[in-house]
Every structure is written in structure tokens, then in C-alpha cells.
Amino acid sequence: MTDPIATYKGYVAPWECDEMGHMNIQFYFSKVQDADLHLMDALGLNKERRWQSGTVLQPTQYHVRFHKELFASDLVVIQTSILSVSDCVMEVYHEVRNGLTGALAATMVVTLLHRAADTPSPIALAGDIRLNAQNLIVPLAPEGVPRSFPLRSPFDTPDMDVALDAKMPETNRSAVSPDECSSNGRLSTRGFMSRVSDSQGHMWALAGLDRQSQKQQGLATATVEMRLNFFHRPEVDTTMVMHTQLVEAAAKTLHYRHWLFDAASGTPIASHNGVGLLFSKADRKAVAIPPAVAARFAKSS
């Protein structure tokens with residue numbers, strides 16, 4: 001089997017962590033963004049070649065599983081393989097690990113579209129790049145196989161009319177700032193995930209699990225799996241609004257959905273489907289979903 005290539009080596013800074021001391025989800029994506037750039041170098045699609053051709057290899061879809069938390073001062077390494085490559089699309093597999101212990105922290109399957117930097121038009125990959133990618137193709141590791149969401153089939157497309165008709169609550173209202181954009185001047189994946197992080201507190205409050213309630217009950221929340229789809233990458237100063245739905249409560253897991261829109265036009269920007277759980281802070285074990293929380297999910301769905 002082809003060995004993966006090393007694409008990232010770094011560190012968890014204290015400012016990258018949430019109130020639980022875990023690395024916030026947006027920083028998994030910022031480190032994977034760096035890994036994607038190193039992968040492009042390895043494939044022969046380096047910065048100079050991309051700039052000369054006016055193209056980008058843009059992430060359009062992510063499937064993510066979180067396996068073990070990373071904490072402040074933990075070392076982080078990422079290794080990357082290719083799952084498939086076609087004319088314009090490449091499917092990449094990242095494993096994010098603790099660089100000291102080797103423990104698997106997260107797996108990501110990322111769909112990358114080769115396109116013009118200033119338009120959404122797909123552009124065929126050069127033959128040498130496709131050949132280099134084919135030499136790295138491996139089967140998807142068991143740890144990366146989805147549990148909650150389909151890996152490749154179409155998923156929900158945000159619709160503002162549907163969000164308003166369903167009374168999906170607003171959980172974030174913000175604008176794109178320059179420091180959140182990639183080199184093509186468009187919102188980065190980390191920029192989107194920062195909105196998801198900001199929305200989570202409002203979402204948990206909708207479910208009856210605001211941070212104060214969690215603290216009183218000795219509980220905490222964690223996301224264990226997610227699926228992201230990107231439909232449009234907004235530019236600097238674009239105003240955005242997020243609407244959220246509590247989809248379904250199972251015995252120990254909760255499925256929720258975030259839809260991000262251009263606030264002025266209603267154009268869909270991205271969708272995020274997540275599966276989270278509650279766990280006891282005392283023994284770090286998952287607990288049953290309280291009936292009152294399950295009832296809120298049933299009412300919202």
C-alpha cells in the first residue's frame with residue numbers, strides 16, 4: 001500500500017482552545033488547510049504554478065470524524081493520502097494525530113475542485129498532476145468511514161425560504177473580514193467553522209443545554225462527526241446569517257444542522273450537519289440524552 005505523505009507538523013496553542021481546554025474545531029480546519037497546500041506542492045501544483053494558471057484547488061465538501069481531543073501544548077501531525085482523482089476533482093484523506101503519542105485525533109475526507117480562482121468554472125488538472133495523485137491513491141481507512149452521514153451522495157442545500165418557513169432560529173449574524181480569507185480573497189473554511197463554533201452556544205441553549213445548565217449538571221458537549229458542503233465562497237465585507245435546526249435526538253447523540261447564507265441576497269454559502277453528544281465531566285463518559293432535551297429536538301424537527 002502507498003504510504004501517506006507528511007503534510008503538517010505543529011502545536012496546539014492555548015488561544016486555539018475552547019472553555020473545556022480542547023482545541024476548537026476551527027483550528028483542525030486551519031491546520032488541514034496548511035496540509036492541503038503541502039499536498040499541492042507534493043503533486044506539482046505549487047504556488048507559482050497555481051498563480052500562473054490562475055487556478056485554485058478549492059475544498060467543496062468535508063466529512064469529519066473526531067476520535068480523541070487535542071489539548072493546549074499537544075503536538076500535532078497530519079498525514080495525507082489520495083482516495084480518488086478525476087479530471088477536475090480530487091478526494092483527499094487526512095489523518096490528524098497527536099504528534100507525541102500517535103493517538104488519532106480526527107479523520108477528514110475532503111473533496112477538492114480544481115477551478116478558476118475568480119469564477120466557479122471547473123478546470124481539468126494537468127496530466128502530470130493527475131498521475132502524481134494516482135500514485136498516492138489508497139482505500140479509505142476504517143477510521144475514516146462515515147457513521148452518521150453519507151460520504152459521497154448529495155446532501156441538503158440551504159434554502160432561505162425553507163429556513164424562514166420552518167422558523168429555523170438565527171444563531172449567527174456577522175460579516176467576512178480580510179483575515180478570514182484565503183489567497184483568492186474568499187472566505188476560508190476556518191472562517192466558516194468559526195461561525196459554526198459561535199453558533200454552537202446558541203444551538204445548545206435552544207436545546208436546553210446552555211453553558212450554565214451544563215455546568216450545574218456536570219455535563220459538557222462534544223461534536224463527534226460532521227459533514228460540510230460549500231456552495232459559494234463570499235468575499236470580504238459580505239454580510240452573513242446562520243440558521244440552525246435541531247434535527248433528531250437519539251439515545252446518546254444529537255443531530256443538528258446549520259445553514260449559512262449571504263444575508264443580503266439569501267444565496268446559500270454552506271451547510272453543516274453535525275452529530276454531538278453529552279458527556280459527564282467527572283468520568284468523561286457519554287450520558288443519555290435527557291427527556292426534556294429530546295423533546296425540544298422533536299418539536300424543532
Hey, what did region 223-265 get for relative contact order, percent, Cα under 8 Å, at least 6 apart? 37
Out of ASN135, ALA175, SER148 - ranked by how far each Cα lies towards the positive end of the dipole of region 107-180, with unit charges on the beta-carbon of charged residues - the top one is ASN135
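From the cross-link list LYS9/LYS31; LYS252/LYS285; LYS167/LYS299; LYS31/LYS68; LYS215/LYS299; LYS68/LYS299, which pairs have alpha carbons spaced over 20 Å apart?
Where the Cα-Cα span goes over 20 Å, the pairs concerned are LYS215/LYS299; LYS68/LYS299.
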Report the local net charge at LYS68: Lys and Arg +1, Asp and Glu -1, summed over other residues whose C-beta lies under 13 Å from its C-beta. -1
As a check on your grasp of the helix formula, calculate [θ] at 222 nm for the chain: sum -39500 (n - 2.57) over DSSP H runs of n ≥ 4, divide by the residue count, round to the nearest 500. -7500 deg cm²/dmol
Modelling each spin label as a point 7 Å along the Cα-to-Cβ direction, I'd like the SER153/LYS252 distance in nm, to one decimal. 2.6
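Placing unit charges on C-beta atoms (Lys and Arg positive, Asp and Glu negative, everything else neutral), compute the dipole magnitude of region 183-301 about its Cα centre in debye, rounded to 20.
380
Would you tally the net charge around SER81, using a Cβ to Cβ cut-off of less than 11 Å, leaving SER81 out, and scoring K and R as +1, D and E as -1?
Working: positive: none; negative: ASP3, GLU91, GLU95.
In short, -3.
FRET efficiency for ILE137 and PHE71, Cβ-Cβ distance as r, R0 = 41 Å, nearest 0.05?
Taking R0 as 41 Å, the efficiency between ILE137 and PHE71 is 0.75.
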Region 1-77 versus region 165-241: alpha-carbon centroid distance in Å: 19
Under 15 Å, Cβ to Cβ, from ARG296 - net charge with Lys/Arg +1 and Asp/Glu -1: +1
Could you compute how fast region 147-301 diffuses translationally, taking Rh as the Kirkwood radius over C-alpha pairs and applying Stokes-Einstein at 20 °C with viscosity 1.002 mPa s? Give it in µm² per second. 132
Mean shadow area of the chain over all directions, Cα convex hull, nm²: 15.5
What percent does the relative contact order of region 147-301 come to when contacts are Cα pairs within less than 8 Å and at least six residues apart? 28
Of PHE66, ILE123, VAL12, which is farthest along the charge dipole of the chain in the positive direction, counting Lys and Arg as +1 and Asp and Glu as -1 at C-beta? PHE66
Expressed in whole Å with the largest first, what are the equivalent ellipsoid semi-axes of region 1-145 derived from the C-alpha gyration tensor as the square root of 5 times each eigenvalue? 28, 17, 13
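Bear in mind that the values in this text are calculations on the coordinates, not laboratory data. Computed from a predicted model, the values in this text were never measured in an experiment. Note that each Cβ is placed from the backbone with ideal geometry, even for glycine, and that neighbours are counted across all protein chains shown.
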